[in-house]
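Here is the structure we will look at, set down as structure tokens.
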Amino acid sequence: MKAKVSIIGAGNVGATTAQLVLQSGLADVALFDVAEGIPQGKALDLTEAASLWNVSTSCTGANDYAETADSDVVVVTAGFPRKPGMSRDDLLQANAGVIKDVAAETARLSPRAVTIVVTNPMDVMTYIAWKVSGLNHRRVLGMGGVLDSSRFRTFVSLELGVSPRDMEAIVLGGHGDLMVPLARLATVKGVPLESLVGKDRIAELVGRTRQGGAEIVSLLKTGSAYYAPAAAIFEMISAILLDEKRILPCSAYLTGEYGIEDLFMGVPVMLGRKGAEKILELELTEDEKKEFNRSGAATRELINKALAE
Ligand code: APR
């Protein structure tokens, strides 16, 4: 039987992710949205495109959660995106309400799925989704690190004029302004970035990475980035469906790793069919640890705020 991916929220990120999944031929897609007609219209359009992509995957669209039953992967993009001048955290209350509904429904109908949360502020929404769903914490993940790392790789590769494919970099911590791009461990085909680019310039590239989402929001004026986010989600979906055991930075539930408990934070995760199968602990410097903890404290504060409402 073909795998099934349900995507909750048929907006820019959701629909672009659906396109990538269908085009890959890896899984059928169910698109769900509260807006009537939108998921049905986009699903029909995508299904018609599939014949031209020479794949036999198909897409359905619905306003009824029943359509998402028995999914292998559930992607949650439902909610509201940022407007210029807004931080991801400004979306807290509106999106927390959405996520509570979504997580309860999808967990009931697809208890064996791995859930990937994308809605911002993502680390907070991932925690809420896990709490509400009652799912095993290894089966709930947030998408942030893959996107932030791809932005870091892009900016460095533009700087050096090399292919981003040869650039290895990882961004840890929360998917927000306090994220922790690990410049110290970034390499270009094994050559340390710090031996290729000066300290000050690296600091600028790290700063641009931290503001990578905001840079796009301010250009678009309405809405936020979706091509790179969808590509990052797709990388996680394929690692899960193909049981690839890839090591990708994802928001995962920590039970003491990195000295933190009961929080979803961006860390290197081994991704497979069972979700976050292992968390890798990198040795951090004192400064990196401080940044990581600061980012975690900000996430915890927002979780408390969201759950107090
Ligand atoms: N259930 C299902 N869908 C919902 C709900 C809900 N309760 N509330 C809103 N939606 C739908 C909207 O109807 C819309 O189609 O979520 C979709 C969101 O799509 P966009 O507004 O295009 O937003 P998008 O750019 O896709 O971003 C979605 O991902 O990257 C994050 O910050 C971003 O939180 C935002 C999310």
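Do you know which residues across region 263-309 are among the acidic types (Asp, Glu) and under 16 Å from Ala96 (Cβ atoms)? Give the steps one after another, and end with the answer.
Just the residues of region 263-309 that are among the acidic types (Asp, Glu), to begin with: 277, 281, 283, 286-288, 291, 301, 309.
Residues satisfying the conditions are Glu301, Glu309.
Restricting attention to region 76-90, which residues are in a loop (DSSP other than H, G, I, E, B), touching a residue at least 40 places away in the same chain (Cβ under 8 Å) and within 18 Å of the chain's Cα centre (by Cα)?
Thr77, Ala78, Gly79, Pro81, Arg82, Ser87
If the Cβ limit is 6 Å and pairs must be 6+ apart or interchain, which residue in region 259-272 that is over 19 Å from Glu291 (Cα atoms) pairs with which residue that is of a type in the set (Lys, Arg)?
Met270/Lys245; Met270/Lys278; Leu271/Arg246; Gly272/Lys245
Collect the residues in region 1-15 that are more than 7 Å from Thr77 (Cβ to Cβ), buried (at least 24 other Cβ atoms within 10 Å of the Cβ) and either hydroxyl-bearing (Ser, Thr, Tyr) or more than 6 Å from the ligand (Cβ to nearest atom) (or both), keeping them in residue-number order.
Val5, Ser6, Ala15
Is there a residue being within 14 Å of the ligand (Cβ to nearest atom), in a helix (DSSP H, G or I), more than 17 Å from Ile7 (Cβ to Cβ) and touching a strand residue (DSSP E or B) at 6+ places or on another chain (Cβ under 9 Å) anywhere in region 113-127?
yes
Being more than 27 Å from Ser295 (Cβ to Cβ), in a helix (DSSP H, G or I) and out of contact with any Asp or Glu (no Cβ under 6 Å at 6 or more places or on another chain) is the requirement here; does Gln93 meet it?
So Gln93 fails the test.
If you go through region 79-102 one residue at a time, how many are within 8 Å of the ligand (Cβ to nearest atom) and in contact with a helix residue (DSSP H, G or I) (Cβ under 8 Å, 6 or more places away or on another chain)?
So the answer is 7.
Let's see how each residue does on (1) surrounded by fewer than 19 Cβ atoms within 10 Å (Cβ to Cβ); (2) part of a strand (DSSP E or B):
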position: Glu204; (1), (2): yes, no
position: Pro229; (1), (2): no, no
position: Ala252; (1), (2): no, yes
position: Leu263; (1), (2): no, yes
position: Val267; (1), (2): no, yes
position: Glu281; (1), (2): yes, no
position: Ser295; (1), (2): no, no
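Could you tell me whether region 80-88 includes any residue that is within 25 Å of Ser238 (Cβ to Cβ), aromatic (Phe, Trp, Tyr) and out of contact with any Cys (no Cβ under 7 Å at 6 or more places or on another chain)? Before you say what the answer is, go through the steps one by one.
So the first thing to find is which residues in region 80-88 are within 25 Å of Ser238 (Cβ to Cβ), and the list is 81.
Right, trim to aromatic (Phe, Trp, Tyr) and you get none.
No.
If the requirement is being in contact with a strand residue (DSSP E or B) (Cβ under 7 Å, 6 or more places away or on another chain) and small (Gly, Ala, Ser), which of these qualifies: Ala232, Ala186?
Answer to the check: Ala186.
From the list Leu178, Leu172, which residue is more than 16 Å from the ligand (Cβ to nearest atom), under 27 Å from Lys305 (Cβ atoms) and modelled with pLDDT under 95?
Leu178 is the lone residue from the list that is more than 16 Å from the ligand (Cβ to nearest atom), under 27 Å from Lys305 (Cβ atoms) and modelled with pLDDT under 95.
Answer yes or no: is there a residue in region 70-78 that is within 9 Å of the ligand (Cβ to nearest atom) and of a type in the set (A, V, I, L, M, F, W, C).
Taking region 70-78 as the starting set, the residues that turn out to be within 9 Å of the ligand (Cβ to nearest atom) are 76-78.
Within this subset, residues satisfying the condition of being of a type in the set (A, V, I, L, M, F, W, C) are 76, 78.
The answer is yes; a qualifying residue exists.
For region 185-202, name all the residues that are within 24 Å of the chain's Cα centre (by Cα) and either at positive phi or free of Cβ contacts under 8 Å to residues at least 60 places away in the same chain (or both).
Scanning region 185-202 gives Ala186, Thr187.
How many residues does region 33-69 hold that are aromatic (Phe, Trp, Tyr) and within 12 Å of the ligand (Cβ to nearest atom)?
Summing the residues that are aromatic (Phe, Trp, Tyr) and within 12 Å of the ligand (Cβ to nearest atom) in region 33-69 gives 1.
Could you tell me whether region 52-75 includes any residue that is under 23 Å from Lys221 (Cα atoms) and either in contact (Cβ under 8 Å) with a residue 12 or more places away in the chain or in contact with a strand residue (DSSP E or B) (Cβ under 7 Å, 6 or more places away or on another chain) (or both)?
Within region 52-75, none of the residues are under 23 Å from Lys221 (Cα atoms) and either in contact (Cβ under 8 Å) with a residue 12 or more places away in the chain or in contact with a strand residue (DSSP E or B) (Cβ under 7 Å, 6 or more places away or on another chain) (or both).
Taking the stated definitions as given, is Asn136 within 22 Å of Leu307 (Cβ to Cβ) and within 11 Å of the ligand (Cβ to nearest atom)?
Here the answer is no, as Asn136 does not meet what is asked.
The values are calculated or read from the model by the stated rules, or taken from the named source; none is laboratory data. Just so you know, these numbers come straight off a predicted model, no measurement behind them. As a convention, Cβ positions derive from the backbone with ideal geometry for all residues, glycine included, and neighbour counts pool all protein chains shown.
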